[in-house]
Amino acid sequence: MAQVLVVDDSSTVRNEVCDFLKANGLTVVPAVDGKDGLDKLKANSSIKLVVSDVNMPNMDGLTMAEKIRGELKNSSVNIIMLTTENSPAMKERGKAAGIKGWIVKPFNGAAVIGSLKKLIA
Amino acid sequence: MNSNKMVVSKVLVLDGAGLPPDSLKAFCEECGLVAIKPQQGDADSVMTILKSNVDLGGILLHENYGGKTGQGLELARAIHASRPELPLFLRRDAVSSVAGLAEQDAAMFRCAYTLADLQLLKATLEASIFSRVYPNDLVRGITEITRGALQPLFRECDIDVETPYLVKDRIIYGEVFTMMAIDSHWCRGYMMLQAAEEAMMALISREAGIDEGETMTFRELNNVLGEATNLAWGAFKSRYVSQDVNRCQCQTQVPIIINHQRRYISFGSEDPQLCIKYTLRERNRPDVAPVPLFQRFVFNLNWSPDEFRENPTVESLVESGELELF
């Protein structure tokens, strides 16, 4: 079954997103930063979607996305950023790393759940 | 930040009764403020002035302005509703305090004074006319984005913002505070949120639906305040930090000194910090004491308000919280 990797250093946001996705029938894997997220993605081929913060300790979300594309070349995982960042430059960097979408915090699950489900279908 | 980065501020004087001509004007000049008076003193004219003078620093108001008892207070309510960030100073005839005013009315004023104690007013003006240091547009924007950051985390609360003010002390309010660096071409320093642990933890427990007797650790409080800081910081960055300016990466830093016993933090600068108090009131629990949260800004590493710009709004069909697909 397809799983969603939720990467955020804030447990408030991580729990909120995980709880929401679980309540909507999805299986989630939480990670506390980009490094943790990358390790969990490498170890779990069932993950089909990554929802990740940008600003995190140890490894930021965009670096993680770049590494996913660089190190896991065959991975078909879709990556969505969930962040307070809203600058065009950041988004451009994300696009270059092959991310599929951008959500500016705060998280509004009801508004995005349909799109997220399509991305793991 | 230093004295040559102080902005000349205008104050609106809604007074006149029993005053020697130009006495308040002279007082304002002594305080480094420019006093302006409306040509017509009726409420509509005053409200028009407020709309066309967005850069006002504050208002000196007589309690009976307009000629009738209580008319000044009525006008104060309208002003406060329209421009809640503007500091109001109430001149009273008998007492130098807000004694006798309803609690909500009293909360509108930074201080009350009589003509006999203008020195008290002078000290309060110094601490309250934040527009001498921090642009009005910036302060208004900060209060908007911070309320926007707090509301999703405190869904059961109404969030009031008191009139911002300046502080020179370095005392930390409460036991918990967050700090996040702000770095742009026109300002470099820190944003802080400060709160009392017990009251804030109790509020967060109730927000999370945790029953009394169940435990909640201080780490959960840290997480919520951390996220509030992150959301406010992100919104600040989107709105005020230019994305296309290349800045030198080898920037200066100074030591930050914290003394836990004295609840003291020094950024190595005497410059006034911008302080904004938010009050979180639980909508369905009027009997529970509101919880204060203090936000402070200190731009100790660079302060160039003349270069302050709001980023142009990028028209977008995507709202916060929604997914923008690439």
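Over 10 Å intervals from 0, what percent of Cα-Cα pairs in chain B sits in each interval?
Answer for chain B: a P(r) of 5, 23, 30, 25, 13, 3, 0 percent.
Cα to Cα, under 15 Å, and not fewer than 8 places away if on the same chain: which aspartates and glutamates meet these conditions relative to B:LYS277?
Answer for B:LYS277, where 15 Å is the Cα cut-off: B:GLU85, B:GLU144, B:ASP158, B:ASP160, B:GLU162, listed by chain and number.
Report the local net charge at B:SER96: Lys and Arg +1, Asp and Glu -1, summed over other residues whose C-beta lies under 14 Å from its C-beta.
+1
Quick check on chain B: helices-only [θ] at 222 nm, where DSSP H runs of length 4 and up contribute -39,500 (n - 2.57) each and the sum goes over total residues. Nearest 500, please.
-9000 deg cm²/dmol
Using amide H atoms built in the peptide plane, which far-off residues or other-chain residues are under 5 Å from A:THR27 H to H?
For A:THR27, the qualifying residues are A:VAL4.
From the P(r) of segment B:180-234, could you give the percentage of C-alpha pairs in the tail past 12 Å?
69
May I ask you to derive the relative contact order of chain B, considering only C-alpha pairs under 8 Å and at least 6 residues apart, and to give it as an integer percent?
That works out to 18 percent.
Any lysines with Cα under 25 Å of the B:LYS68 Cα? List them, leaving off those in the same chain fewer than 8 positions away.
The qualifying lysines are B:LYS25, B:LYS37, B:LYS51.
Per residue, how big is the convex hull around the C-alpha atoms of segment A:3-120? Give it to me in cubic angstrom, could you?
Spread over its residues, the Cα hull of segment A:3-120 gives 89 Å³ apiece.
If you take the alpha carbon radius of gyration of the protein assembly as shown and divide it by 2.2 N^0.38 Å, what ratio comes out, to two decimals?
1.12
Enumerate the amide H contacts of B:SER9 below 5 Å, restricted to partners 5 or more residues apart or on another chain; note that Pro and chain-start residues carry no placed amide H.
Hits under the 5 Å cutoff: B:VAL34.
Whole number please: convex hull volume per residue of the Cα set in segment B:66-202, in Å³?
159
Once you've got the GNM for chain B with C-alpha springs shorter than 10 Å, pick whichever of B:HIS260, B:HIS185, B:HIS62 has the biggest mean-square fluctuation.
Looking only at B:HIS260, B:HIS185, B:HIS62, the biggest GNM fluctuation is shown by B:HIS260.
Which of A:LYS48/A:LYS95; A:LYS73/A:LYS117; A:LYS40/A:LYS67; A:LYS40/A:LYS105 have a Cα-Cα distance over 21 Å?
A:LYS73/A:LYS117; A:LYS40/A:LYS105
What net charge is computed for the residues neighbouring A:GLY109, neighbours being all others with C-beta under 10 Å from the C-beta of A:GLY109, Lys and Arg scored +1, Asp and Glu -1?
Local net charge: -2.
Using modelled backbone amide H atoms (1.01 Å from N, in-plane), which distant-in-sequence or interchain residues come within less than 5 Å of B:CYS111's amide H?
Amide H neighbours of B:CYS111: B:LEU90.
Put a dot 7 Å past each Cα toward the Cβ at B:ASP169 and A:ASN44; how far apart are the dots in nm?
Here the modelled spin labels are 4.9 nm apart.
Given +1 on the Cβ of Lys and Arg, -1 on the Cβ of Asp and Glu, and no further charges, what dipole in debye does the protein assembly as shown carry about its Cα centre, rounded to the nearest 20?
That gives the protein assembly as shown a dipole magnitude of about 1060 debye.
If all Cα-Cα distances of segment B:8-128 are sorted into 5 Å bins from 0 onward, what percent lands in each bin, rounded to whole numbers?
2, 11, 25, 28, 22, 11, 1
Every read-out reported here was derived from the displayed coordinates using simple, explicitly stated rules and does not represent laboratory data. Not measured: the values here are computed from a predicted model. Please note: Cβ atoms are built from the backbone with ideal geometry, for glycine as well, and neighbour counts cover all protein chains shown.
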